[in-house]
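Accompanying notes for the structure given below.
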Amino acid sequence: MTIDDAPRDALRGGPRELLRWVATGAAVSRADLSRLSGLSPSTVSQRVEALISQGLLEEAGAGRSRGGRRPRQLAVPTGGAVVGAIDLGAHHARVGTLDLSGRVVKARTLPVRIEDGPEAVLGALLAEVATLVGGAPATGDGAMAAGALRGVGIGIPGPVQHSTGRIVSPSRMPGWNGFDVAAFCAGRVDVPVIVDNDANLMALGAHRTAHSELDHAVYIKAGTGIGSGVIASGRLHRGAQGSAGDISHCRVVADPAPPCTCGNAGCLEAVASGAALVTALREQGVPVSDLTGVIRLIDDGDRQATALARQAGRAVGEILAVVVNFFNPQVVAIGGRLADCEPLLASMRATLYERCLPLATQTLLIERVAVGQDVGITGAAHLVIDHVVAAA
Ligand SMILES: [Zn+2]
């Protein structure tokens, strides 16, 4: 069981929370942790010792004395230990190292040709992680020794079976179906590797960074594809297999219903994803090659592109209205490259209000994911940190 699977109440004063209080500066001593958690000093000491022995916390000199022995200050090690993170997209990957508090140490964006297949793409990205960690890869195919690296988190732009780390029937990822990402990477790095889909990582990264006080949240990732990640009772909700939040093949009202890569027609992905907008514009004779071109047209007020963006926003709003009525989140946030597309956002918002119960929308926050391009690697790092802390 990972700590992510524990009920939220059980996390009060749990190792992850203790670590986070120190990382954020809310606590600098065992006494602070005892006060914040309500746990006895001896329980806090025990947990702190366990975290120190795992290299997740360190003593950082003596604090100010209040008469007795000067308390030893605690800190999250920033010097050595890092986690690696990969947020793979259709055309680019964001690769980074983050410290154990989830702060980005180094990050860069690399072009990716997803059609080169999983071995080539993941091999190159793991080699990049090794370079960022500071050690040259031990072999040409991206193998690396553990050293300072505590784990690697990887986000995949397609469905991932959570229990196995295997990719299942992804769209637009030829050669990746059934690929065991976790096993492939485990053969190349000597640390835990955790794989999840990109929308889940965005949800986790955005929730931990911007909304950690909220228990129920839905994050839509709208880029080349479209998906969502769900935070329920404060933790990432994956469902039985890992497909929770995958709204890409929910059917929306569209006439004519465009064919989808899954074999059905009228799926949200076939109407409202970046790839769908590119296809629809081309069919209307607009020479656009990628999502960047579509976004440029929308920003320039192009009539056809703007109409398609509005239609996409309505489609997202339709599906989201079902989700909001059913799940009653406190916040719905949209991220990904289409999140900056104003006509899409406006019609999504309008549809959502029109189709939802007043009780569901009364205090609902509808906003953009504010974290920026590192949100995915931040989520990936938190997955790894949770795993490492739970193991400690
Ligand atoms: Zn479909």
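The values are calculated or read from the model by the stated rules, or taken from the named source; none is laboratory data. Worth saying up front: this structure is predicted, and the values here are computed from it rather than measured. When we count neighbours, we look across all protein chains shown, and the Cβ atoms used for this are built from the backbone with ideal geometry, even at glycine. Note: areas computed on protein heavy atoms with side chains; ligands, DNA, RNA excluded. Shrake-Rupley method; radii C 1.70, N 1.55, O 1.52, S 1.80 Å.
Pairs under 7 Å by beta carbon, first residue within 21 Å of GLY317 (Cβ to Cβ) in the range 255-284, partner within 10 Å of the ligand (Cβ to nearest atom) and of a type in the set (Asp, Glu), six or more apart or different chains?
Partner pairs satisfying both residue conditions: CYS260/GLU269; ALA276/GLU269.
Name every residue in the range 300-313 that is more than 16 Å from the ligand (Cβ to nearest atom) and touching a residue at least 40 places away in the same chain (Cβ under 8 Å), in order of residue number.
Matches in the range 300-313: GLN311, GLY313.
Does LEU110 satisfy the criteria of being part of a strand (DSSP E or B) and of a type in the set (A, V, I, L, M)?
Criteria met by LEU110.
Could you list, ordered by first residue, the pairs with Cβ atoms under 6 Å in which the first is in the range 7-21 and in a helix (DSSP H, G or I) and the second is surrounded by 19 or more Cβ atoms within 10 Å (Cβ to Cβ) and at pLDDT below 70, at least 6 apart or interchain?
Matching pairs, first to second residue: ARG16/ILE3.
Are there any pairs, at least 6 apart or on different chains, whose C-beta atoms fall under 8 Å, with the first in the range 232-251 and among the hydrophobic types (A, V, I, L, M, F, W, C) and the second within 16 Å of the ligand (Cβ to nearest atom) and open to solvent by 20 Å² or more (accessible area, probe 1.4 Å), and if so, which?
No pair meets every condition.
Can you tell me which residue among LEU122, LEU100 is in contact with a helix residue (DSSP H, G or I) (Cβ under 8 Å, 6 or more places away or on another chain) and farther than 20 Å from PRO174 by Cα?
Checking each option against the conditions leaves just LEU100.
Take the residues of the range 232-286 that are away from the ligand (no atom under 15 Å from the Cβ) and of a type in the set (D, E, K, R): which is least open to solvent (accessible area, probe 1.4 Å)?
The extreme case among them is ARG238.
So for the range 172-181 (the condition being closer than 23 Å to VAL388 by Cα and modelled with pLDDT of 90 or more), does at least one residue qualify?
Looking for residues that are closer than 23 Å to VAL388 by Cα and modelled with pLDDT of 90 or more, one finds at least one in the range 172-181, hence yes.
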